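The values are calculated or read from the model by the stated rules, or taken from the named source; none is laboratory data. Bear in mind that the values here come from a model prediction, so they are computed numbers and not experimental data. Cβ: placed from backbone, ideal geometry, glycine included. Neighbour counts: every protein chain shown.
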(Lines give C-alpha, C1' and ligand atoms only; values in the text may rest on other atoms or scores of the structure.)
Protein backbone atom coordinates (compact mmCIF):
# COMPACT_ATOMS: atom_id res chain seq x y z
CA UNK A 1 0.00 0.00 0.00
CA UNK A 2 1.53 3.32 -1.12
CA UNK A 3 0.89 6.62 0.64
CA UNK A 4 1.45 10.17 -0.60
CA UNK A 5 3.22 12.61 1.71
CA UNK A 6 2.05 16.22 1.32
CA UNK A 7 3.82 19.30 2.67
CA UNK A 8 1.35 21.45 4.64
CA UNK A 9 3.54 24.48 5.47
CA UNK A 10 6.13 26.20 3.31
CA UNK A 11 9.43 28.10 3.66
CA UNK A 12 11.53 30.07 3.72
CA UNK A 13 10.78 30.09 7.47
CA UNK A 14 10.44 26.91 9.52
CA UNK A 15 7.15 25.61 10.92
CA UNK A 16 6.35 23.14 13.67
CA UNK A 17 3.58 22.01 15.98
CA UNK A 18 5.16 19.72 18.54
CA UNK A 19 3.95 16.67 20.41
CA UNK A 20 1.89 13.61 19.47
CA UNK A 21 -0.89 14.02 22.04
CA UNK A 22 -2.93 16.89 20.56
CA UNK A 23 -5.01 17.24 17.39
CA UNK A 24 -3.49 19.96 15.21
CA UNK A 25 -6.42 20.73 12.91
CA UNK A 26 -9.70 22.47 13.71
CA UNK A 27 -13.10 20.74 13.61
CA UNK A 28 -13.65 21.55 9.91
CA UNK A 29 -10.15 20.32 8.97
CA UNK A 30 -9.42 23.62 7.18
CA UNK A 31 -6.89 25.16 9.57
CA UNK A 32 -3.81 23.75 11.31
CA UNK A 33 -2.07 25.25 14.33
CA UNK A 34 1.61 26.02 13.86
CA UNK A 35 4.58 27.96 15.18
CA UNK A 36 6.89 29.84 12.80
CA UNK A 37 10.62 30.26 13.53
CA UNK A 38 13.50 31.68 11.51
CA UNK A 39 16.39 29.67 12.96
CA UNK A 40 16.30 26.03 14.10
CA UNK A 41 20.08 25.69 14.57
CA UNK A 42 19.99 26.16 18.35
CA UNK A 43 17.62 25.95 21.35
CA UNK A 44 15.31 28.91 22.11
CA UNK A 45 17.04 31.61 24.17
CA UNK A 46 15.59 33.71 27.02
CA UNK A 47 13.68 36.69 25.65
CA UNK A 48 13.33 35.30 22.12
CA UNK A 49 9.92 34.99 20.47
CA UNK A 50 8.44 32.97 17.63
CA UNK A 51 5.24 33.30 15.61
CA UNK A 52 2.05 31.76 17.00
CA UNK A 53 -0.56 31.19 14.32
CA UNK A 54 -2.33 28.94 11.87
CA UNK A 55 -1.75 27.43 8.42
CA UNK A 56 -4.58 27.55 5.87
CA UNK A 57 -4.67 23.96 4.58
CA UNK A 58 -6.04 25.06 1.20
CA UNK A 59 -3.19 27.49 0.45
CA UNK A 60 -0.38 26.44 2.80
CA UNK A 61 0.00 30.04 3.98
CA UNK A 62 0.91 30.78 7.60
CA UNK A 63 -0.95 33.57 9.39
CA UNK A 64 0.63 34.95 12.54
CA UNK A 65 -1.79 35.80 15.34
CA UNK A 66 0.72 36.75 18.04
CA UNK A 67 4.26 36.17 19.26
CA UNK A 68 5.16 33.81 22.10
CA UNK A 69 8.19 33.63 24.42
CA UNK A 70 7.53 30.03 25.46
CA UNK A 71 8.21 27.15 23.14
CA UNK A 72 10.51 24.19 22.84
CA UNK A 73 11.04 22.07 19.77
CA UNK A 74 9.69 18.73 21.07
CA UNK A 75 6.40 20.11 22.48
CA UNK A 76 5.97 23.46 20.76
CA UNK A 77 3.97 26.01 22.79
CA UNK A 78 1.09 23.61 23.56
CA UNK A 79 -1.20 25.27 21.02
CA UNK A 80 -4.63 23.63 21.12
CA UNK A 81 -8.19 24.16 19.99
CA UNK A 82 -10.90 24.94 22.53
CA UNK A 83 -13.49 22.26 21.77
CA UNK A 84 -15.02 22.48 18.29
CA UNK A 85 -14.60 26.26 18.09
CA UNK A 86 -12.04 28.17 16.05
CA UNK A 87 -10.53 29.59 19.23
CA UNK A 88 -7.23 28.22 20.45
CA UNK A 89 -4.72 28.71 23.23
CA UNK A 90 -0.95 29.13 23.21
CA UNK A 91 1.45 29.41 26.15
CA UNK A 92 3.47 32.60 26.72
CA UNK A 93 5.06 34.75 29.43
CA UNK A 94 3.49 37.87 30.89
CA UNK A 95 5.33 41.15 31.31
CA UNK A 96 6.30 40.09 34.85
CA UNK A 97 7.89 36.90 33.50
CA UNK A 98 5.18 34.61 34.87
CA UNK A 99 3.80 31.83 32.68
CA UNK A 100 0.42 32.58 31.06
CA UNK A 101 -1.61 31.44 28.08
CA UNK A 102 -3.08 33.39 25.18
CA UNK A 103 -6.62 32.89 23.86
CA UNK A 104 -6.74 33.49 20.09
CA UNK A 105 -9.33 33.55 17.31
CA UNK A 106 -8.10 31.65 14.25
CA UNK A 107 -10.74 32.99 11.83
CA UNK A 108 -10.29 36.63 12.79
CA UNK A 109 -6.58 36.21 13.33
CA UNK A 110 -6.52 38.16 16.56
CA UNK A 111 -5.71 37.85 20.24
CA UNK A 112 -8.88 37.66 22.38
CA UNK A 113 -7.38 37.65 25.86
CA UNK A 114 -4.93 36.15 28.32
CA UNK A 115 -5.23 33.61 31.13
CA UNK A 116 -3.01 33.87 34.25
CA UNK A 117 -1.69 30.33 33.89
CA UNK A 118 -0.11 28.14 31.17
CA UNK A 119 -1.98 25.18 29.66
CA UNK A 120 -0.90 21.63 28.90
CA UNK A 121 -4.31 20.14 28.09
CA UNK A 122 -7.95 21.30 28.18
CA UNK A 123 -11.21 19.62 29.19
CA UNK A 124 -13.40 21.70 26.88
CA UNK A 125 -16.81 20.78 28.36
CA UNK A 126 -15.94 22.14 31.82
CA UNK A 127 -13.39 24.68 30.50
CA UNK A 128 -10.82 23.38 32.95
CA UNK A 129 -7.14 23.42 32.01
CA UNK A 130 -4.33 21.32 33.48
CA UNK A 131 -0.68 22.30 33.63
CA UNK A 132 2.67 21.79 35.34
CA UNK A 133 5.60 24.00 36.35
CA UNK A 134 7.44 24.51 33.04
CA UNK A 135 10.17 26.52 34.77
CA UNK A 136 10.95 23.45 36.88
CA UNK A 137 11.04 21.27 33.77
CA UNK A 138 13.53 23.60 32.10
CA UNK A 139 15.71 23.66 35.22
CA UNK A 140 15.81 19.86 35.32
CA UNK A 141 16.64 19.33 31.64
CA UNK A 142 13.11 18.31 30.63
CA UNK A 143 10.75 19.97 28.14
CA UNK A 144 10.10 23.33 29.78
CA UNK A 145 10.51 26.97 28.80
CA UNK A 146 13.63 29.09 29.22
CA UNK A 147 13.66 32.56 30.74
CA UNK A 148 11.88 31.85 34.03
CA UNK A 149 12.70 30.86 37.60
CA UNK A 150 11.61 27.71 39.42
CA UNK A 151 9.82 29.02 42.50
CA UNK A 152 10.28 25.65 44.23
CA UNK A 153 13.88 25.10 43.13
CA UNK A 154 15.13 24.55 46.68
CA UNK A 155 12.80 21.59 47.27
CA UNK A 156 13.45 18.19 45.67
CA UNK A 157 9.98 16.82 46.53
CA UNK A 158 7.75 19.88 47.02
CA UNK A 159 4.33 19.88 48.66
CA UNK A 160 3.35 23.18 46.96
CA UNK A 161 4.07 22.18 43.36
CA UNK A 162 2.86 19.41 41.08
CA UNK A 163 -0.11 19.02 38.73
CA UNK A 164 -2.27 22.16 38.61
CA UNK A 165 -5.80 22.93 37.45
CA UNK A 166 -7.00 26.29 36.14
CA UNK A 167 -10.51 27.62 35.48
CA UNK A 168 -10.60 29.24 32.03
CA UNK A 169 -13.59 31.42 33.00
CA UNK A 170 -12.56 32.73 36.41
CA UNK A 171 -8.78 32.50 35.98
CA UNK A 172 -8.46 30.80 39.37
CA UNK A 173 -5.93 28.00 39.90
CA UNK A 174 -5.34 25.32 42.50
CA UNK A 175 -2.92 22.47 43.07
CA UNK A 176 -4.58 19.22 41.97
CA UNK A 177 -1.95 16.87 43.38
CA UNK A 178 1.50 17.64 44.82
CA UNK A 179 4.80 16.14 43.77
CA UNK A 180 5.17 14.82 47.33
CA UNK A 181 1.83 13.00 47.10
CA UNK A 182 2.85 11.60 43.71
CA UNK A 183 6.24 10.45 45.03
CA UNK A 184 4.52 8.77 47.99
CA UNK A 185 1.92 6.92 45.86
CA UNK A 186 2.80 3.24 45.50
CA UNK A 187 5.87 3.62 47.75
CA UNK A 188 6.40 3.12 51.47
CA UNK A 189 7.99 6.58 51.47
CA UNK A 190 9.07 9.10 48.80
CA UNK A 191 12.30 8.02 47.07
CA UNK A 192 15.23 10.33 47.87
CA UNK A 193 18.19 10.07 45.46
CA UNK A 194 19.73 13.52 45.74
CA UNK A 195 17.95 14.67 42.59
CA UNK A 196 14.68 16.64 42.25
CA UNK A 197 11.42 14.97 41.24
CA UNK A 198 9.09 16.41 38.61
CA UNK A 199 5.84 15.65 36.75
CA UNK A 200 5.28 16.07 33.02
CA UNK A 201 3.32 14.92 29.92
CA UNK A 202 -0.28 15.42 31.07
CA UNK A 203 -3.02 13.74 29.02
CA UNK A 204 -6.80 13.49 29.58
CA UNK A 205 -8.72 10.28 28.90
CA UNK A 206 -11.40 10.51 26.14
CA UNK A 207 -14.25 11.35 28.54
CA UNK A 208 -12.15 13.93 30.39
CA UNK A 209 -12.53 12.26 33.80
CA UNK A 210 -8.96 11.17 34.51
CA UNK A 211 -5.52 12.54 33.82
CA UNK A 212 -2.43 10.47 32.99
CA UNK A 213 1.07 11.85 33.49
CA UNK A 214 4.68 10.87 34.10
CA UNK A 215 6.51 11.12 37.43
CA UNK A 216 10.28 11.25 36.86
CA UNK A 217 13.49 11.56 38.85
CA UNK A 218 17.15 10.82 38.29
CA UNK A 219 19.01 8.12 40.19
CA UNK A 220 22.64 7.69 41.13
CA UNK A 221 23.60 5.54 38.15
CA UNK A 222 23.05 8.62 35.95
CA UNK A 223 19.75 7.47 34.45
CA UNK A 224 16.09 8.16 35.15
CA UNK A 225 13.19 6.27 36.63
CA UNK A 226 9.75 7.12 35.29
CA UNK A 227 6.36 6.09 36.62
CA UNK A 228 3.10 6.24 34.70
CA UNK A 229 0.49 7.83 36.97
CA UNK A 230 -3.22 8.66 36.75
CA UNK A 231 -5.51 10.86 38.86
CA UNK A 232 -9.11 12.01 38.70
CA UNK A 233 -9.75 15.55 37.47
CA UNK A 234 -11.06 16.33 40.97
CA UNK A 235 -7.74 15.20 42.51
CA UNK A 236 -9.07 11.85 43.78
CA UNK A 237 -7.94 8.33 42.94
CA UNK A 238 -4.19 8.93 42.49
CA UNK A 239 -2.66 5.75 41.07
CA UNK A 240 0.73 4.46 39.97
CA UNK A 241 0.34 2.08 37.02
CA UNK A 242 3.97 1.20 36.25
CA UNK A 243 7.48 1.85 37.52
CA UNK A 244 10.68 1.53 35.50
CA UNK A 245 10.56 3.18 32.10
CA UNK A 246 7.53 4.87 30.54
CA UNK A 247 8.62 7.35 27.92
CA UNK A 248 5.66 8.21 25.66
CA UNK A 249 2.00 7.24 25.98
CA UNK A 250 -1.60 7.87 24.94
CA UNK A 251 -5.04 6.80 26.16
CA UNK A 252 -6.76 4.25 23.91
CA UNK A 253 -10.03 4.45 25.88
CA UNK A 254 -11.13 5.56 29.35
CA UNK A 255 -9.50 2.59 31.08
CA UNK A 256 -6.35 1.78 29.09
CA UNK A 257 -3.13 3.60 28.25
CA UNK A 258 -0.56 2.72 25.59
CA UNK A 259 3.05 3.37 26.56
CA UNK A 260 6.50 2.33 25.45
CA UNK A 261 8.88 0.99 28.09
CA UNK A 262 8.96 -1.66 30.79
CA UNK A 263 7.75 -2.30 34.34
CA UNK A 264 10.32 -3.46 36.90
CA UNK A 265 10.00 -2.01 40.42
CA UNK A 266 12.59 -4.41 41.88
CA UNK A 267 15.32 -3.29 39.50
CA UNK A 268 14.29 0.31 40.10
CA UNK A 269 14.74 -0.22 43.86
CA UNK A 270 18.33 -1.35 43.27
CA UNK A 271 19.02 1.73 41.13
CA UNK A 272 17.61 3.94 43.90
CA UNK A 273 19.93 2.45 46.53
CA UNK A 274 22.08 4.90 48.54
CA UNK A 275 24.96 2.45 48.04
CA UNK A 276 25.36 3.78 44.49
CA UNK A 277 26.78 7.02 45.87
CA UNK A 278 29.96 4.96 46.37
CA UNK A 279 31.89 4.80 43.03
CA UNK A 280 32.98 1.21 43.73
CA UNK A 281 29.40 0.05 44.13
CA UNK A 282 28.42 1.90 40.95
CA UNK A 283 31.13 0.11 38.96
CA UNK A 284 30.14 -3.26 40.44
CA UNK A 285 26.47 -2.60 39.68
CA UNK A 286 27.31 -1.75 36.08
CA UNK A 287 29.35 -4.92 35.64
CA UNK A 288 26.58 -7.04 37.20
CA UNK A 289 24.04 -5.50 34.84
CA UNK A 290 26.17 -6.32 31.79
CA UNK A 291 26.72 -9.88 33.05
CA UNK A 292 22.96 -10.32 33.59
CA UNK A 293 22.25 -9.19 30.05
CA UNK A 294 24.85 -11.58 28.66
CA UNK A 295 23.43 -14.54 30.61
CA UNK A 296 19.94 -13.75 29.32
CA UNK A 297 21.27 -13.43 25.78
CA UNK A 298 22.91 -16.89 25.99
CA UNK A 299 19.86 -18.50 27.63
CA UNK A 300 17.61 -17.14 24.87
CA UNK A 301 19.76 -18.68 22.16
CA UNK A 302 21.46 -15.48 21.09
CA UNK A 303 18.21 -13.91 19.88
CA UNK A 304 18.01 -10.34 21.11
CA UNK A 305 14.44 -9.95 19.88
CA UNK A 306 13.32 -12.48 22.51
CA UNK A 307 14.88 -10.49 25.34
CA UNK A 308 12.02 -8.01 25.40
CA UNK A 309 9.33 -10.57 26.15
CA UNK A 310 11.13 -12.89 28.57
CA UNK A 311 12.89 -12.57 31.88
CA UNK A 312 11.95 -9.95 34.48
CA UNK A 313 11.00 -7.09 32.17
CA UNK A 314 7.82 -6.66 30.20
CA UNK A 315 9.14 -4.47 27.43
CA UNK A 316 7.76 -3.00 24.22
CA UNK A 317 4.50 -1.21 23.44
CA UNK A 318 2.39 -1.99 26.50
CA UNK A 319 -1.28 -1.54 27.29
CA UNK A 320 -1.73 -0.60 30.95
CA UNK A 321 -5.05 -0.83 32.77
CA UNK A 322 -5.95 2.21 34.87
CA UNK A 323 -6.48 0.40 38.18
CA UNK A 324 -5.08 0.37 41.71
CA UNK A 325 -1.37 -0.44 42.15
CA UNK A 326 -0.43 -4.11 42.10
CA UNK A 327 2.99 -5.73 42.27
CA UNK A 328 2.21 -7.25 38.87
CA UNK A 329 0.05 -4.62 37.13
CA UNK A 330 -2.43 -5.33 34.35
CA UNK A 331 -0.02 -5.00 31.45
CA UNK A 332 -0.40 -6.49 27.99
CA UNK A 333 2.41 -6.35 25.45
CA UNK A 334 0.58 -5.35 22.27
CA UNK A 335 3.72 -4.90 20.16
CA UNK A 336 6.56 -6.96 21.65
CA UNK A 337 8.87 -6.53 18.65
CA UNK A 338 9.08 -2.75 19.13
CA UNK A 339 12.57 -2.56 20.65
CA UNK A 340 13.03 1.18 20.09
CA UNK A 341 11.19 4.11 21.58
CA UNK A 342 8.15 5.49 19.76
CA UNK A 343 5.61 8.32 19.97
CA UNK A 344 2.13 6.70 19.73
CA UNK A 345 -1.28 8.31 19.21
CA UNK A 346 -4.52 6.32 19.29
CA UNK A 347 -6.97 6.93 16.45
CA UNK A 348 -9.96 9.03 17.67
CA UNK A 349 -12.39 7.39 15.21
CA UNK A 350 -11.03 3.90 14.44
CA UNK A 351 -10.17 2.51 17.86
CA UNK A 352 -7.99 -0.44 16.84
CA UNK A 353 -5.37 1.75 15.12
CA UNK A 354 -2.50 3.77 16.45
CA UNK A 355 0.07 5.77 14.52
CA UNK A 356 3.67 5.97 15.68
CA UNK A 357 7.14 6.99 14.62
CA UNK A 358 10.62 5.75 15.48
CA UNK A 359 13.88 7.47 16.26
CA UNK A 360 16.39 7.67 13.36
CA UNK A 361 18.51 4.65 12.51
CA UNK A 362 22.26 4.75 11.82
CA UNK A 363 21.62 6.24 8.37
CA UNK A 364 19.30 8.92 9.76
CA UNK A 365 16.01 7.39 8.57
CA UNK A 366 12.88 7.62 10.70
CA UNK A 367 9.84 5.47 10.04
CA UNK A 368 6.17 6.44 10.29
CA UNK A 369 3.79 3.51 10.70
CA UNK A 370 0.23 2.45 11.42
CA UNK A 371 -0.35 -0.39 13.85
CA UNK A 372 -3.55 -2.38 14.38
CA UNK A 373 -3.03 -3.54 17.96
CA UNK A 374 -6.09 -5.84 17.86
CA UNK A 375 -4.94 -7.86 14.84
CA UNK A 376 -1.20 -7.23 15.18
CA UNK A 377 -0.82 -5.70 11.72
CA UNK A 378 1.80 -3.02 11.02
CA UNK A 379 1.71 -0.83 7.89
CA UNK A 380 4.62 1.40 6.88
CA UNK A 381 3.57 4.91 5.83
CA UNK A 382 6.96 6.46 5.10
CA UNK A 383 10.67 6.27 5.76
CA UNK A 384 12.25 9.74 5.72
CA UNK A 385 15.78 10.98 6.44
CA UNK A 386 16.65 13.64 8.99
CA UNK A 387 18.93 16.66 8.55
CA UNK A 388 22.53 15.82 9.44
CA UNK A 389 23.36 19.10 11.18
CA UNK A 390 24.23 20.06 14.75
CA UNK A 391 24.36 23.28 16.76
CA UNK A 392 27.70 25.06 17.15
CA UNK A 393 28.71 24.05 20.68
CA UNK A 394 31.22 26.92 20.75
CA UNK A 395 28.70 29.59 19.75
CA UNK A 396 28.44 32.78 21.77
CA UNK A 397 24.80 31.93 22.48
CA UNK A 398 25.59 28.68 24.40
CA UNK A 399 25.74 30.22 27.93
CA UNK A 400 22.29 31.78 27.39
CA UNK A 401 20.92 28.41 26.18
CA UNK A 402 22.11 26.85 29.45
CA UNK A 403 20.78 29.67 31.62
CA UNK A 404 18.58 28.38 34.42
CA UNK A 405 19.48 24.69 33.96
CA UNK A 406 20.65 22.90 37.11
CA UNK A 407 24.41 22.29 36.93
CA UNK A 408 23.94 18.88 38.58
CA UNK A 409 21.64 17.89 35.71
CA UNK A 410 24.04 19.20 33.06
CA UNK A 411 26.79 16.94 34.47
CA UNK A 412 24.76 13.93 33.30
CA UNK A 413 24.49 15.22 29.70
CA UNK A 414 27.14 15.79 27.09
CA UNK A 415 26.96 19.43 26.01
CA UNK A 416 26.80 18.38 22.37
CA UNK A 417 23.83 16.07 22.94
CA UNK A 418 21.98 18.55 25.15
CA UNK A 419 22.22 21.34 22.59
CA UNK A 420 21.24 19.08 19.69
CA UNK A 421 18.17 17.57 21.36
CA UNK A 422 16.93 21.04 22.37
CA UNK A 423 17.50 22.52 18.91
CA UNK A 424 15.18 22.39 15.91
CA UNK A 425 17.55 20.04 14.09
CA UNK A 426 16.28 17.32 16.41
CA UNK A 427 12.89 16.67 14.84
CA UNK A 428 10.79 13.65 15.77
CA UNK A 429 7.72 13.11 13.59
CA UNK A 430 5.40 13.17 16.64
CA UNK A 431 2.45 12.01 14.46
CA UNK A 432 -1.02 13.44 15.16
CA UNK A 433 -4.41 12.26 13.86
CA UNK A 434 -7.01 14.48 12.21
CA UNK A 435 -10.37 14.74 13.98
CA UNK A 436 -11.92 12.11 11.67
CA UNK A 437 -9.01 9.70 12.11
CA UNK A 438 -8.21 9.54 8.38
CA UNK A 439 -5.19 11.84 8.02
CA UNK A 440 -1.86 11.85 9.88
CA UNK A 441 0.02 15.12 10.47
CA UNK A 442 3.69 15.27 11.49
CA UNK A 443 6.79 17.50 11.67
CA UNK A 444 9.82 16.64 9.53
CA UNK A 445 13.12 17.97 8.17
CA UNK A 446 13.56 15.51 5.29
CA UNK A 447 13.38 18.24 2.61
CA UNK A 448 16.00 20.47 4.22
CA UNK A 449 13.85 22.74 6.36
CA UNK A 450 11.52 22.00 9.24
CA UNK A 451 7.90 21.88 8.06
CA UNK A 452 4.53 20.29 8.81
CA UNK A 453 3.41 17.40 6.56
CA UNK A 454 0.34 15.20 6.25
CA UNK A 455 -0.66 11.86 4.75
CA UNK A 456 -4.14 10.52 3.96
CA UNK A 457 -4.30 6.96 5.36
CA UNK A 458 -8.07 6.49 5.08
CA UNK A 459 -7.64 3.60 2.63
CA UNK A 460 -5.89 1.60 5.35
CA UNK A 461 -7.85 2.50 8.48
CA UNK A 462 -11.31 2.46 6.87
CA UNK A 463 -10.97 -0.76 4.88
CA UNK A 464 -9.31 -2.72 7.64
CA UNK A 465 -11.40 -1.54 10.62
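Brief remarks on what is shown
- Looking only at segment 168-185, and only at residues there that are more than 23 Å from the chain's Cα centre (by Cα) and assigned to a loop (DSSP other than H, G, I, E, B), the one that is surrounded by the fewest Cβ atoms within 10 Å (Cβ to Cβ): 170
- Taking segment 113-124 as the range and being crowded, with 22+ Cβ neighbours inside 10 Å and outside any strand (DSSP E or B) as the test, the residues that pass are 118, 119, 120.
- Residues of segment 61-73 include at least one that is assigned to a loop (DSSP other than H, G, I, E, B), under 18 Å from residue 432 (Cβ atoms) and out of contact with any strand residue (DSSP E or B) (no Cβ under 6 Å at 6 or more places or on another chain).
- Scope segment 331-355; condition part of a loop (DSSP other than H, G, I, E, B) and under 20 Å from the mean Cα position of the chain (by Cα); matching residues: 338, 339, 340, 341, 342, 343, 347, 348
- Selected residue (only one of 244, 261, 237 is at positive phi and touching a helix residue (DSSP H, G or I) at 6+ places or on another chain (Cβ under 9 Å)): 244
- Considering segment 86-97, and only residues there that are in contact (Cβ under 8 Å) with a residue 40 or more places away in the chain and assigned to a loop (DSSP other than H, G, I, E, B), the residue that is nearest to residue 127 (Cα to Cα) turns out to be 86.
- The C-beta contact set for segment 339-353 (first residue farther than 22 Å from residue 255 by Cβ, second residue surrounded by fewer than 23 Cβ atoms within 10 Å (Cβ to Cβ) and at pLDDT below 90, distance under 9 angstrom, 6+ apart or interchain) comprises 339/304; 339/305; 339/307; 339/308; 339/315; 339/316.
- Qualifying residue in segment 197-216 (condition: touching a residue at least 12 places away in the same chain (Cβ under 8 Å), touching a strand residue (DSSP E or B) at 6+ places or on another chain (Cβ under 9 Å), more than 27 Å from residue 18 (Cβ to Cβ) and outside any helix (DSSP H, G or I)): no
- Residue match in segment 98-112 (condition: without any contact (Cβ under 8 Å) to a residue 60 or more places away in the chain, in a loop (DSSP other than H, G, I, E, B) and under 24 Å from the mean Cα position of the chain (by Cα)): yes
- Which listed residue is over 21 Å from the mean Cα position of the chain (by Cα) and free of Cβ contacts under 8 Å to residues at least 12 places away in the same chain, from 59, 49: 59
- Just one of the listed residues (39, 21) is at negative phi, assigned to a loop (DSSP other than H, G, I, E, B) and either at pLDDT below 95 or in contact with a strand residue (DSSP E or B) (Cβ under 6 Å, 6 or more places away or on another chain) (or both), and it is 21.
- Scanning segment 364-376 for residues that are assigned to a loop (DSSP other than H, G, I, E, B) and touching a strand residue (DSSP E or B) at 6+ places or on another chain (Cβ under 7 Å) gives 364, 373.
- Lone qualifier among 409, 379 - being at pLDDT below 95 and outside any loop (DSSP other than H, G, I, E, B): 409
- Residue in segment 262-279 that is within 21 Å of the chain's Cα centre (by Cα), under 27 Å from residue 231 (Cβ atoms) and either modelled with pLDDT of 60 or more or not in a strand (DSSP E or B) (or both) present: yes
- Identity of the residue in segment 125-167, within 17 Å of residue 233 (Cα to Cα), in a loop (DSSP other than H, G, I, E, B) and touching a residue at least 60 places away in the same chain (Cβ under 8 Å), that ends up nearest to the chain's Cα centre (by Cα): 132
- Residue within segment 341-353 that is at pLDDT below 80, closer than 30 Å to residue 19 by Cβ and either surrounded by 15 or more Cβ atoms within 10 Å (Cβ to Cβ) or in contact with a strand residue (DSSP E or B) (Cβ under 9 Å, 6 or more places away or on another chain) (or both) present: no
- Hey, residue 432 modelled with pLDDT of 95 or more and either surrounded by 15 or more Cβ atoms within 10 Å (Cβ to Cβ) or at negative phi (or both) or not: yes
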